[in-house]
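Participant: Let me begin by handing over the structure; questions about it come next.
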Amino acid sequence: MDWGDQDLGGQMVKHLFIPHNLSEDFDKEKAAAIRRSFDADDAEMLLSAPTTNTVSSIEGNKYSGIVKHHFERNDSPVHYEYRPDAEQGSKFIITKDNRD
């Protein structure tokens, strides 16, 4: 499990991160899930925006968290579950997005 420290206004906060060896797969699976879940224009807009990936929990080999797509006026959060060892079905599942 990979932990990182982030200073938020003098307060140190611990965040979990996707392990480095899984980060390329995570990004590929995230992009595929966004393309499946949104129409083409919205998907490309989300994929071209700067993002912040946060892992809020790890249970076994299932990561849950939020990807925030940052736009000029607001952020567009997408909640996800990522299962890197999924042999069948999707490894990356969007569980909630800004349309919910």
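No value in this document is a laboratory result; all are computed from the given coordinates. Values in this document were obtained by computation on a predicted structure and should not be read as measured data. Backbone-built Cβ (ideal geometry, glycine too); neighbour counts: all protein chains shown.
Participant: Of all residues in the stretch 58-80, which are in contact (Cβ under 8 Å) with a residue 24 or more places away in the chain and more than 12 Å from the chain's Cα centre (by Cα)?
Facilitator: If the condition is that a residue be in contact (Cβ under 8 Å) with a residue 24 or more places away in the chain and more than 12 Å from the chain's Cα centre (by Cα), then 58, 61 are the ones that fit.
Participant: Under the condition of being within 13 Å of residue 80 (Cβ to Cβ) and basic (Lys, Arg), which residue from the stretch 14-41 is surrounded by the fewest Cβ atoms within 10 Å (Cβ to Cβ)?
Facilitator: Among residues in the stretch 14-41 that are within 13 Å of residue 80 (Cβ to Cβ) and basic (Lys, Arg), the one surrounded by the fewest Cβ atoms within 10 Å (Cβ to Cβ) is 36.
Participant: Among the candidates 44, 81, 59, which residue alone is surrounded by 15 or more Cβ atoms within 10 Å (Cβ to Cβ) and at negative phi? Before you say what the answer is, go through the steps one by one.
Facilitator: Values: 44 fails: surrounded by 15 or more Cβ atoms within 10 Å (Cβ to Cβ); 59 fails: surrounded by 15 or more Cβ atoms within 10 Å (Cβ to Cβ).
Matching residue, one of 44, 81, 59: 81.
Participant: Would you check which residues across the stretch 63-83 are part of a strand (DSSP E or B) and over 12 Å from residue 18 (Cβ atoms) and list them?
Facilitator: 66, 68, 69, 70, 75, 76, 77, 78, 79, 81
Participant: Additional query: Quick check on the stretch 81-92: of everything there that is in contact (Cβ under 8 Å) with a residue 60 or more places away in the chain and of a type outside the set (S, T, N, Q), which residue is nearest to residue 30 (Cα to Cα)?
Facilitator: Taking the candidates together, the pick is 92.
Participant: May I pose another question? Do you know which residues across the stretch 84-100 are surrounded by fewer than 17 Cβ atoms within 10 Å (Cβ to Cβ) and either touching a Leu at 6+ places or on another chain (Cβ under 8 Å) or assigned to a loop (DSSP other than H, G, I, E, B) (or both)?
Facilitator: Matches in the stretch 84-100: 84, 85, 86, 87, 88, 89, 90, 98, 99, 100.
Participant: From the residues in the stretch 64-78 that are touching a helix residue (DSSP H, G or I) at 6+ places or on another chain (Cβ under 8 Å) and within 14 Å of residue 29 (Cβ to Cβ), which one is surrounded by the fewest Cβ atoms within 10 Å (Cβ to Cβ)?
Facilitator: My answer is 67.
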